[in-house]
Amino acid sequence: MAVTDPRGMNEAFARAFNSRSLDGLLALYEPGAVLRVDGSDRDLSGPGQIADALRGLLQAPGRMTSTNSFCIAQGDLALLRADWEIIDDAGAVVASGSSAELVRRQPDGAWLYVIDHAVGASLPRVA
């Protein structure tokens, strides 16, 4: 299902994760998108590298929630920040973070990730 409002990106990501749909997750990214999954400076790009990273994410047990902190849109671009967590059946936090993302409106009106930094907004400040 296409995301037609950039504020819906993180909810759509969580929904695809919770349904364990790799195709659903990949459908949220532009073909040339960049994904960074941790605090390193290693960017993953292209459908193959992003698919490998998301396939690994789908191995995490539990359900994801993701809540936007803000969405700033200007024309066909929007900057997002969201707080997310994955909680297992026992109620334990499996993973959590705050993402920083750039999305772009496509010609058909859908929004897709251009840059997705899964923990970019939760990294410590660099001096």
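Near the amide H of Val3, within less than 5 Å, lie the amide hydrogens of Trp111, all on another chain or at least 5 residues away, with H placed in the peptide plane. Per-residue 3J(HN,Hα) values for the stretch 110-118, derived from phi via the Karplus relation 6.51 cos²θ - 1.76 cosθ + 1.60 with θ = phi - 60°, read 6, 9, 9, 5, 9, 9, 10, 10, 4 Hz in sequence order (x marks Gly and Pro). At 10 °C and a viscosity of 1.306 mPa s, what translational diffusion coefficient does Stokes-Einstein give for the stretch 1-51, taking Rh as the Kirkwood radius over Cα pairs? Give it in µm²/s as a whole number. The Stokes-Einstein estimate is 135 µm²/s. In this rough spin-label picture, where each label sits 7 Å from Cα along the Cβ direction, the Glu11-Asp76 distance is 2.5 nm.
Summarising the label geometry, the points placed 7 Å from Cα in the beta-carbon direction at Val114 and Asp43 lie 1.2 nm from one another.
Considering only DSSP beta bridges where both residues belong to the stretch 15-126, give the percentage that are antiparallel (nearest 5). Walk me through the numbers before you get to the answer.
On the way: 30 of 34 bridges.
The antiparallel proportion sits near 90 percent.
A Cα-only calculation for the stretch 5-127 places Rg and Dmax at 13.8, 43 Å. Dividing the helix sum by the residues of the chain, where each DSSP H run of 4 or more adds -39500 (n - 2.57), gives a mean residue ellipticity at 222 nm of -6000 deg cm²/dmol. In order along the stretch 18-30, the phi-based Karplus estimate (6.51 cos²θ - 1.76 cosθ + 1.60, θ = phi - 60°) of 3J(HN,Hα) comes to 5, 8, 6, 9, 4, 4, x, 5, 4, 5, 8, 10, 5 Hz; Gly and Pro are listed as x.
Checking every one of the trypsin sites (Lys or Arg not before Pro) in the stretch 35-127 against DSSP loop status and a limit of 14 other Cβ atoms within 10 Å picks out Arg42, Arg125.
FYI, it's all coordinate maths here, none of it is from the lab. Computed from a predicted structure; not experimentally measured. With ideal geometry, Cβ positions are generated from the backbone for all residues, glycine too; neighbour counts draw on all protein chains shown.
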